[in-house]
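Input: a single structure, listed below in structure tokens.
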Amino acid sequence: MLCSSLISLAAYVAQFRAAIVAITQLQPGVDPTVDEQSLRVTPLVSVVVPAYNEATNIQACITSVLDNTALSQQYLEVWVVDDQSTDDTWAILKVLQQHYQDPRLHLLSGLPRPKGERWTGKNWACTQGAEKARGEFLLFIDADVRLKPGAIAAAVKLAQTEHIDLLNGIPQVVCGSLIEWLVQPLIFISMVISFNQPAVRDPKQETAYAAGPFMLFRRSAYDQVGGHRAVASEVAEDVALARAIKHHQLTLQYRLVANLASLRMYTSWATLWEGWTKVLYVGAWRNAGLMFLLFVLMFSLYTMPWLGLGVLLIKGLVAGWSRVDGVSMGLVLPALGLQYYLRQQASRALHCSPNYWWLQSIGGLLVGIMAIASVIKAETGWGWTWRGRVLSNRIIP
């Protein structure tokens, strides 16, 4: 088993290296302090931010959008949609609006979800924002995203130059607690590899993945696929929209945007568990086999080598070091070295340091368990929620 684990890990590292070469780092477009005429970004860009109970995030998010670009209202508008929040999100937004007095900032108090229709997650809020937006490009970001200088100009410039209909960005992964360090880097490494699979790259196949926090649409393409209204009942609306783009033979591209945007998705074990068990399975097209494969992969890549090391160390301490199998040790140590190397590569791609890499045995096991739990939650509805909202395809009476 140690031999197969080492071989699998080596192949996994090779896939990740290939992916970060293919999904290149998107470089900043312009210095936000330069005068507007030199920016040469002619289309109007609409940034849409759906917000449900985002009191802890919304101020920093909107501030990052407004402060890190020199684009005036001729080129930029920002629509923030409060999706019936029950916390102080709306109050914070009103204070921000009063403070900035910025004509680019527009606030929308979201309406209740339409009766007799299926609406899940942030789809209704995104739809309301998109209907108000006038931009030739629509940039959807989550409230836990922080844009960096030049982000909007760089993304739009690339979309224009390469005629991209949907540009999906993978931001910098920010971790602030031990549980985040254990789980988030591993999931995002797998995500980057998934985005570079042959079927995903093939425009003739509808296979697609997506990361919802940073999605830039050409408005004509967004309207052509029906926007968020067309995927109203989808929990993993990002994946559904990416598939729709490919189905309509439009252009989908992925980019690493760690130098343009940062993302701290979850700040505790509770939110991390709720968030990933919400989308892992449905984001994989409800393929239970893929979730089982993910469990096996995570255990084999991250947990097995450390278990092997533990067994060898115990054997050495109890029975003497002369009884330790040199071949097994020769498999374990390279595997651990490859784990560290993988996290170093991820650090360059995702701007996320290899902190706590030596606890990846726990992280891999946790990711595998979440994959299985995701299947159970989606299929039974038990505990399938997001911030207290039950996720289902039921029609609101």
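Relative contact order (percent) for the stretch 242-397, with alpha-carbon contacts under 8 angstrom and 6 or more residues of separation?
Averaging sequence separation for qualifying contacts and normalising by length gives 33 percent for the stretch 242-397.
Under 11 Å from the Cβ of Gln224, count the other residues' Cβ atoms, weight Lys and Arg +1, Asp and Glu -1, and hand me the total.
Details: positive: Arg218, Arg219; negative: Asp165, Asp223.
Summing Lys/Arg as +1 and Asp/Glu as -1 gives 0.
If eta is 1.002 mPa s and T is 20 °C, what Stokes-Einstein diffusion coefficient results for the chain, Kirkwood Rh from Cα pairs, in µm²/s?
On the way: Rh = 22.1 Å.
Estimated diffusion coefficient is 97 µm²/s.
Just going by the charge dipole of the stretch 216-310, with Lys and Arg at +1 and Asp and Glu at -1 on Cβ, which of Gly275, Leu250, Ser300 is farthest out on the positive end?
In the stretch 216-310, that residue is Leu250.
Please give the net charge around Tyr100, taking every other residue with its beta carbon less than 15 angstrom from that of Tyr100, where Lys and Arg add +1 and Asp and Glu add -1. Write down the numbers at each step before the final one.
Working: positive: Lys94, Arg104; negative: Asp67, Glu77, Asp102.
Counting the neighbours of Tyr100, the net charge comes to -1.
For the chain, what does the helix formula give at 222 nm: sum of -39500 (n - 2.57) over DSSP H segments with n ≥ 4, over the residue count, nearest 500 deg cm²/dmol? Mind dumping the intermediate values first?
Values: 14 runs with 191 residues, N = 397.
The helix contribution divided over the chain gives -15500 deg cm²/dmol.
Once neighbouring chains are kept in place and the probe is 1.4 Å, which whole percent of the accessible area of the stretch 126-281 is contributed by carbon and sulfur?
Working: 2500 of 5070 Å².
Result for the stretch 126-281: 49 percent of the exposed heavy-atom area is carbon or sulfur.
Amide H of Ala261: which non-local residues (sequence gap of 5 or more, or other chain) have their own amide H closer than 5 Å, using H built in the peptide plane?
Under 5 Å from the amide H of Ala261: Lys148, Gln172.
Scan around Leu105 for amide H atoms under 5 Å from its own, H built in the peptide plane at 1.01 Å from N, and keep only partners 5 or more places away or cross-chain.
Distant-sequence amide H within range of Leu105: Val78.
Give the shape of the stretch 274-397 as rounded, prolate or oblate, defined through the alpha-carbon gyration tensor: a ≥ b ≥ c are the square roots of its eigenvalues, a/c under 1.5 means rounded, and otherwise the shape is prolate if a/b is larger than b/c and oblate if not. Could the numbers behind the result be given before it?
Working: a/c = 3.23, a/b = 2.22, b/c = 1.45.
Because a/c hits 1.5 or more and a/b exceeds b/c, the stretch 274-397 counts as prolate.
Determine the sum of side-chain charges near Ser109: Lys and Arg each +1, Asp and Glu each -1, restricted to other residues whose C-beta is under 15 angstrom from that of Ser109.
On the way: positive: Lys94, Arg113, Lys132; negative: Glu54, Asp82, Asp83, Asp87, Asp88, Glu131.
In short, -3.
Cα gyration tensor of the stretch 143-224, axes a ≥ b ≥ c as square roots of the eigenvalues: rounded (a/c below 1.5), prolate (a/b > b/c) or oblate? Show your work: numbers first, answer last.
Working: a/c = 2.47, a/b = 1.33, b/c = 1.86.
Oblate, because a/c is 1.5 or more while a/b does not exceed b/c.
For Lys132, which aspartates and glutamates qualify as cross-link partners when the Cα separation must be under 12 Å and same-chain residues fewer than eight apart are set aside?
Excluding near neighbours in sequence, the set is Glu77.
Taking 7 Å along the Cα-to-C-beta vector as the label spot, tell me the Ser109-Asp67 distance in nanometres, rounded to one decimal.
Inter-label distance under the simple model: 2.8 nm.
Sort out the exposed loop trypsin sites (Lys or Arg not before Pro) in the chain (DSSP loop, at most 11 other Cβ within 10 Å) and tell me the longest stretch that has none. Kindly include the intermediate steps, with their values, before the conclusion.
On the way: sites that count: Arg40, Lys115, Arg134, Lys204, Arg394.
Longest stretch, sites excluded: 205-393.
With the cut-off at 1.5 for a/c, could you classify the stretch 83-240 from its C-alpha gyration tensor as rounded, prolate or oblate? Walk me through the numbers on the way to the answer.
Numbers: a/c = 1.38, a/b = 1.23, b/c = 1.12.
It is rounded, given that a/c, with a ≥ b ≥ c, falls under 1.5.
Going 7 Å from the Cα of Trp269 in the Cα-to-Cβ direction, what parts of the stretch 163-197 have a backbone nitrogen less than 19 Å from that spot?
175-187
The values are calculated or read from the model by the stated rules, or taken from the named source; none is laboratory data. All values reported here derive from a predicted model rather than from experimental measurement. Virtual Cβ from ideal backbone geometry, glycine too; neighbours counted across all protein chains shown. Areas reflect the complete protein model, heavy atoms only, side chains present, ligands, DNA and RNA absent. Shrake-Rupley method; radii C 1.70, N 1.55, O 1.52, S 1.80 Å.
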